[in-house]
C-alpha cells in the first residue's frame, strides 16, 4: 500500500515537472544571444529587445483585446452551451445523437475552411472586422469542448436532485441557483477554462474575421515564431502564458469566493 | 410530467447558432467543389501515403495521450491534495499554443538541443550528428511530442474534473468494502470515466488529424500529412489547386465525421448495456 | 432534429442573401493626382499589411517610417503583420462578397503571390507613374521595374527593396568557402554531414535549388523552357543529377532536410552545420551587430552569381484610403527611407533607387550608410545578381525536386 502511494506521487510529480520545464526553455531563449553546442547555458545573454517589446503600445493593445475577446467568448459559449448540454445530459429524446454530433463538428473540420466561408457572410452582414464577429467565430470553436464537459457533468448529476428540490417547493429560479448551479459549478469552471483558452489562443480565425483590425497576442507572437525570431517569440510567449494563467487564476478565485460552501463541503 | 418539447427548446439556441455560423461557412466553401476535384486528389500518388501517415500519427497520439492522461488523472485522484496542486500545473500545457510548443520541442529534442548537450556532457556523443534524429524524422517523433505535451494534460484535466466531484465517495466505499486499489480503479473509476474518455479521444484524434502547423514545421519532407498537403495546395498558384485543397479538407472532415459516427454508435451500445445493468451512477 | 437543421439552414441562407443584396457601399476611387493625394491624405490613417516575422523589418516600419510619415505628411501608419497568403485569401473573399471598402491600403507582395493577385484582379492600378518619387528615383527600364518573377508588372506594384540569395559561413570554422557548385560538392565531401539546405517549397531552399540549376544548365536554358513539367525535367536533369550526387554528403545523408530556413539558421548558429543561407543579403551584418554570431562570420555568393529578386508594394482594389496609400508608397521610396532601410541597424535591405538619378549628396547618403561587418559590398552583389524565372516554373521545379531528389 505504501509502495503504491509512492508510485502515485512519482507519476504525478514527474508529469508536473515535464509540464513546467519547457517554461525554463522559453525563459532562457528569451535572454540568449549566442548558445552554441555543447554549452548547457547560453554563452552570451542579452536583454536588448526586451524593454522595447514589453513597453510597446501594441502589446498593451493586444493583451487588452485578447482578454476582452476571451471573456466575451467564455460568456457567450456558456450561455449557448449550458441549456443544450443540460438537454443532452439529462433527457433522452430523438435527435440527441444529432445534437451531440453537431456540437462536436467544429473540432472535426479544419478551422480555416469554415472560417473562410464564414468570412464571406460576415462581410455581407457587416460583422467582418468587428469584435462581435470575432467573438462569434471563437465561440464556434469553443463550443465542442464546453459542450462535452458540461454534458457529462449533467449526465453524472442526474435529474433527481432538481426534481427533489422542486417537489420540496422551490421555484425554478431557486432550483437553478441553489441546486443546479452549485452541482455543476466544477464543470462550469472547467468549461469556462477551456472556452477561455480556446479563444485566447486562436490565430487563424482572429486573422481572417478580424482582418487585422483586432490585434491579439497570438497575432503578434505567431509571425515571430514563423520568422525564427526566438527572442521576440519567447518574450511574447511568456506574456501570453502569464496573462492567460493570471486570468484563469482570477476566474477560479472569483468562483470559489461565491460558491465556497457548496463547492468544498459537498464535492 | 414534462413537456416533450423541453429538450428541444433547451437545445435550440445552440443548434441555431451552429447552423448559422458553422453550417453556412462550411456550406459556402464546399459549394464550388465538383467530383473532378476529388478525383484529382484521390488520383495523386502521394495521397495514400499521406492518408496512412496522417491516420497513424493521429491514432498513436490519441492512444498514448488518452491512456497516459487517464493514468495521470487516477494518480491525481489518489493523491488527493497533491492532485489539486498538479491540476493547476496542468493548465500550463493546455494554454500553451501549439506553435510555441513546437519551438520548445525543437529546442529540447533537436540534435543540438538540450538533451543532445546533456548527452555530450555525459560523454555519450561527441558530435551533434551522432544524436538520434527526433525532429524532421520519418517516424514523426517530433510531431508526436508536441501532441503529447498538449494532450496528456488536457485528457488528465478533463478526466480529473469529471471524476473528482463523485469519485471519492465511490472509491472510499469500495476500499471500505475491501477492494484493492486495482479493483477500485478498474471496476469503479474506469466505468465512470468511459464516456469522458470517449469524448477526449474523439477530440484529440480530430485535432491531431486536422492540424497543419505542427507537421508542417517538425515533419520530414519525405511524406506529408493531409492538412500539410492541403495547405501547400492552398498557397500553390495553379488555379485548380485551391479547389483541390478544399477537397482534401472535405475528405479530412468526412473521415473524422465517419469515425465519430462509428464511435458514438459504439458508445451507445456500451452505455445501453450499462443502463440495462442498472448501474448508472 | 435533421429536419430542424434543414429548415434553419434554409432560413439562414435566405437571410444571408437578403442582407447581401441590401448592403452595397460606394467604391473608393483613386486620387486624381499626386498633389491631390498629398492634400486629402493629411490626417488619415493608412494601413500596411505584410509579413511580420522579422523584428528588424518591423522596427524599420514602426520606428523609422511611421514617425517620419506622421511628421512630414500628417498620416498615421498602422502596420498589421499578416502573411501574404492570408492577405490574398482575405482579398479574394472580399472580391467575391463585393466588399468595396476593405481594411488594407498597402500590401507587401512579390513573385507567385503577385501573379495570383494580378490574375484574380485583386489589385488597384496601374498607378506607379502617379507616385512622385517613382518618377524621380526609379529606373523605368530596369528589368525589375517591369517584371516580377517573369510576370509583367504593368504599373500594378512599385519596387520596395532588393533581396538576394547569399551564403554565410564562419571563417573560423571553414577555411575555404564554396563559390561554385563543384566546390560545394568537394567541400561537402570533406565536411560530411555539415552542409544541407531547406527543403523546397521553403522560399530560400527553393531559390537554392534554382541557383544550382543556373550553375549547371544556365539561366537561359531554364528561362526558355516552356511551362511544362516534362520539358522542364529534361532541361534540368543534369542539375537534379548533381543534387543527387551531393545528397550522401549532406546532413543525415540527405534522407531528410530542415523544414525551413529558420531551422537551417538555428542548426548553423548552434554549430551543427558549417553554412547557412539567407535572402537578406546583409543578414551576416545583422547577426554580428546583434551579437548572435561571432565577428568571423562571412557572406559569399557563387562566382557565377546568385539569384536575386525584388519585393514590391501594391494597393488592393478595395483600399479605403488610396490617397494615403500613394503618400506612404512615395515615402517608402524616398532617399531617406531607402537609406535607413539599408542600414544594418534597421533592416539591411538593398535600395531600389537608380543611383544615376540621384544628386551628389543623395548618393553620398546611400554610400555612407552602415551596412555592417561580414557582408559583401553592394557593388559586388549587384554584379553577381541573377534574374528569377517565371513564377509558374518555380512550382514545377519544387515538384520535380521532391520526386527526383528527395524521394529517390
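The values are calculated or read from the model by the stated rules, or taken from the named source; none is laboratory data. Keep in mind that what you see is a predicted model, and the values were worked out from it rather than measured. Note: ideal-geometry Cβ built from the backbone for every residue, glycine included; neighbour counts use all protein chains shown.
Tell me whether the stretch A:73-84 contains one or more residues that are within 14 Å of chain C (Cβ to nearest Cβ) and either touching a residue at least 40 places away in the same chain (Cβ under 8 Å) or part of a helix (DSSP H, G or I) (or both). Yes, because at least one residue in the stretch A:73-84 is within 14 Å of chain C (Cβ to nearest Cβ) and either touching a residue at least 40 places away in the same chain (Cβ under 8 Å) or part of a helix (DSSP H, G or I) (or both). Note on the stretch A:112-136: residues that are facing another protein chain (nearest Cβ under 7 Å) and assigned to a helix (DSSP H, G or I) amount to 13.
The single condition among (1) within 14 Å of another protein chain (Cβ to nearest Cβ); (2) in contact (Cβ under 8 Å) with a residue 60 or more places away in the chain; (3) surrounded by fewer than 24 Cβ atoms within 10 Å (Cβ to Cβ) that residue C:319 does not meet is (3).
Tell me yes or no: at least one residue of the stretch B:37-46 is assigned to a helix (DSSP H, G or I) and facing chain A (nearest Cβ under 7 Å). So far as the stretch B:37-46 goes, no, none of its residues is assigned to a helix (DSSP H, G or I) and facing chain A (nearest Cβ under 7 Å). Within the stretch A:159-211, the residues that satisfy the criterion of being within 14 Å of chain C (Cβ to nearest Cβ) and without any contact (Cβ under 8 Å) to a residue 24 or more places away in the chain are A:203, A:207. Checking A:55, A:71, A:80 one by one, the residue that is surrounded by fewer than 19 Cβ atoms within 10 Å (Cβ to Cβ) and modelled with pLDDT of 95 or more is A:71 and no other. Within the set C:307, C:288, the sole residue that is surrounded by 23 or more Cβ atoms within 10 Å (Cβ to Cβ), more than 10 Å from every other protein chain (Cβ to nearest Cβ) and outside any loop (DSSP other than H, G, I, E, B) turns out to be C:307.
Considering the stretch C:252-265, the residues that are part of a helix (DSSP H, G or I) and more than 7 Å from every other protein chain (Cβ to nearest Cβ) include one that is surrounded by the most Cβ atoms within 10 Å (Cβ to Cβ), namely C:264. Any residue at all in the stretch A:149-156 that is more than 25 Å from residue B:91 (Cβ to Cβ), crowded, with 21+ Cβ neighbours inside 10 Å, more than 10 Å from chain C (Cβ to nearest Cβ) and touching a helix residue (DSSP H, G or I) at 6+ places or on another chain (Cβ under 9 Å)? So far as the stretch A:149-156 goes, no, none of its residues is more than 25 Å from residue B:91 (Cβ to Cβ), crowded, with 21+ Cβ neighbours inside 10 Å, more than 10 Å from chain C (Cβ to nearest Cβ) and touching a helix residue (DSSP H, G or I) at 6+ places or on another chain (Cβ under 9 Å).
Can you name the residue in the stretch C:366-394 that is within 30 Å of residue C:286 (Cβ to Cβ) and within 13 Å of chain B (Cβ to nearest Cβ) and, of all such residues, is surrounded by the most Cβ atoms within 10 Å (Cβ to Cβ)? Looking at the filtered set, the residue picked out is C:394.
When A:18, A:30 are checked against the criterion of being touching a helix residue (DSSP H, G or I) at 6+ places or on another chain (Cβ under 8 Å), more than 7 Å from chain B (Cβ to nearest Cβ), within 21 Å of residue C:267 (Cβ to Cβ) and not in a loop (DSSP other than H, G, I, E, B), A:30 stands alone in meeting it. Among the criteria (1) more than 12 Å from chain A (Cβ to nearest Cβ); (2) at pLDDT below 90; (3) part of a helix (DSSP H, G or I), the one residue B:279 does not fulfil is (3).
When residue B:187 is tested against the conditions (1) away from chain C (no Cβ under 14 Å); (2) closer than 18 Å to residue B:99 by Cα, the lone failure is (2). Does residue B:135 meet the test of being within 14 Å of chain C (Cβ to nearest Cβ), buried (at least 23 other Cβ atoms within 10 Å of the Cβ), outside any helix (DSSP H, G or I) and touching a helix residue (DSSP H, G or I) at 6+ places or on another chain (Cβ under 6 Å)? Yes; evaluated as a whole, the condition is true for this residue. Those helices (runs of 4 or more DSSP H) of the stretch C:319-378 in which 3 or more residues are in the same structural domain as residue C:143 (by TED's automatic domain parsing) and over 26 Å from residue C:88 (Cβ atoms) occupy C:335-342, C:360-367.
Among the residues of the stretch C:25-69, the ones that are away from chain A (no Cβ under 14 Å) and not in a loop (DSSP other than H, G, I, E, B) come to 11 in all.
Of the residues screened, residue A:220 is one that is touching a helix residue (DSSP H, G or I) at 6+ places or on another chain (Cβ under 6 Å), at the interface with another protein chain (Cβ under 10 Å from one of its Cβ atoms) and modelled with pLDDT of 80 or more. Scan the stretch B:260-271 and tell me whether some residue there is within 11 Å of chain A (Cβ to nearest Cβ), in a helix (DSSP H, G or I), buried (at least 19 other Cβ atoms within 10 Å of the Cβ) and modelled with pLDDT of 75 or more. Within the stretch B:260-271 (the criterion being within 11 Å of chain A (Cβ to nearest Cβ), in a helix (DSSP H, G or I), buried (at least 19 other Cβ atoms within 10 Å of the Cβ) and modelled with pLDDT of 75 or more), the answer is yes, since at least one residue qualifies.
Yes or no, residue by residue, for (1) touching a helix residue (DSSP H, G or I) at 6+ places or on another chain (Cβ under 8 Å); (2) modelled with pLDDT of 95 or more:
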residue: C:292; (1), (2): yes, no
residue: C:300; (1), (2): no, yes
residue: C:309; (1), (2): yes, no
residue: C:314; (1), (2): yes, yes
residue: C:317; (1), (2): yes, yes
residue: C:336; (1), (2): yes, yes
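For (1) closer than 28 Å to residue A:17 by Cα; (2) at pLDDT 95 or above; (3) under 16 Å from the mean Cα position of the chain (by Cα), each residue gets a yes or a no:
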site	(1), (2), (3)
B:50	no, no, no
B:60	yes, yes, yes
B:63	yes, yes, yes
B:70	yes, no, yes
B:73	yes, no, no
B:80	yes, no, no
B:83	yes, no, no
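Looking at A:246, A:232, just one residue is crowded, with 23+ Cβ neighbours inside 10 Å and either facing another protein chain (nearest Cβ under 7 Å) or within 22 Å of the chain's Cα centre (by Cα) (or both), and that residue is A:232.
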